[in-house]
1. For A76, all conditions in the list (1) surrounded by fewer than 12 Cβ atoms within 10 Å (Cβ to Cβ); (2) within 25 Å of P35 (Cα to Cα) hold save one; what is the number of the exception?
2. Just the residues that are within 26 Å of M59 (Cβ to Cβ) and of a type in the set (D, E), please, taken from the range 103-119.
3. Select from the range 79-95 the residues that are among the aliphatic types (A, V, I, L, M) and open to solvent by less than 50 Å² (accessible area, probe 1.4 Å) and write down the one among them that is farthest from S124 (Cα to Cα).
4. Restricting to the range 34-69, what's the tally of residues that are over 11 Å from the mean Cα position of the chain (by Cα) and in a helix (DSSP H, G or I)?
5. So for the range 38-47 (the condition being out of contact with any Lys or Arg (no Cβ under 9 Å at 6 or more places or on another chain) and among the β-branched types (V, I, T)), does at least one residue qualify?
6. Across the range 9-53, what is the total count of residues that are under 24 Å from E107 (Cα atoms) and either aromatic (F, W, Y) or at pLDDT 70 or above (or both)?
7. Where residues in the range 113-126 are without any contact (Cβ under 8 Å) to a residue 60 or more places away in the chain and closer than 30 Å to D38 by Cα, which of them is least open to solvent (accessible area, probe 1.4 Å)?
8. How do the pairs read when you match residues in the range 28-48 that are touching a residue at least 60 places away in the same chain (Cβ under 8 Å) with residues anywhere that are in a helix (DSSP H, G or I), using Cβ under 6 Å and keeping only pairs 6 or more apart or on different chains?
Amino acid sequence: SDTVVGLGRLLEDENVRNLTRGAVGTFPFYPESGPLVDSIEERWSALDPTIFVGADQEMSYFSRLAYDEVQTAARAITKMKAMGRLDSDERIPAQLWTDVLRSISYEGITGPISFDDAGDRKPSFNTFYYVSESNE
């Protein structure tokens with residue numbers, strides 16, 4: 001299933017519900033469960049919260065984004081290594097880094113990770129129309 005980020009907390013306040021009646025907007029969606037998500041959540045909750053701040057709480061959407069950012073950077077570095085670009089002290093041109101990052105595509109904890117021609121992540125946002133009377 002998918003989750004609308006932050007919508008639950010937003011709609012707990014009756015004033016917010018009334019003020020947002022008929023609102024049209026977008027929210028990022030991300031997988032709430034599945035093999036990858038469940039595995040990472042399990043490892044996250046097993047961490048010592050005195051060492052890893054927040055490990056005693058559910059992983060936030062921003063923590064999930066940070067996880068995918070690190071995974072994306074690691075994949076870019078792995079590709080550069082496979083190209084032999086990390087074997088010398090030679091500076092790697094910014095355009096090569098950009099091209100490598102744009103070529104990355106995989107399933108992350110926040111959903112599909114891929115990039116458009118401008119280098120921006122292809123979004124997985126959905127549009128919603130909010131009806132406060134039915135809380136939908």
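1. Failed condition: (1).
2. The answer is E107, and nothing else.
3. Result: I92.
4. 11
5. Within the range 38-47, none of the residues are out of contact with any Lys or Arg (no Cβ under 9 Å at 6 or more places or on another chain) and among the β-branched types (V, I, T).
6. Number of matching residues: 20.
7. Within the range 113-126, the match that is least open to solvent (accessible area, probe 1.4 Å) is I113.
8. Once the first residue is touching a residue at least 60 places away in the same chain (Cβ under 8 Å) and sits in the range 28-48, its partners that are in a helix (DSSP H, G or I) give P31/V37.
The values are calculated or read from the model by the stated rules, or taken from the named source; none is laboratory data. As the structure is a computational prediction, the values presented were derived from the model and not from experiment. Cβ: placed from backbone, ideal geometry, glycine included. Neighbour counts: every protein chain shown. The protein model used for the area step is the full one, side chains on, heavy atoms only, and it has no ligands, DNA or RNA in it. Shrake-Rupley method; radii C 1.70, N 1.55, O 1.52, S 1.80 Å.
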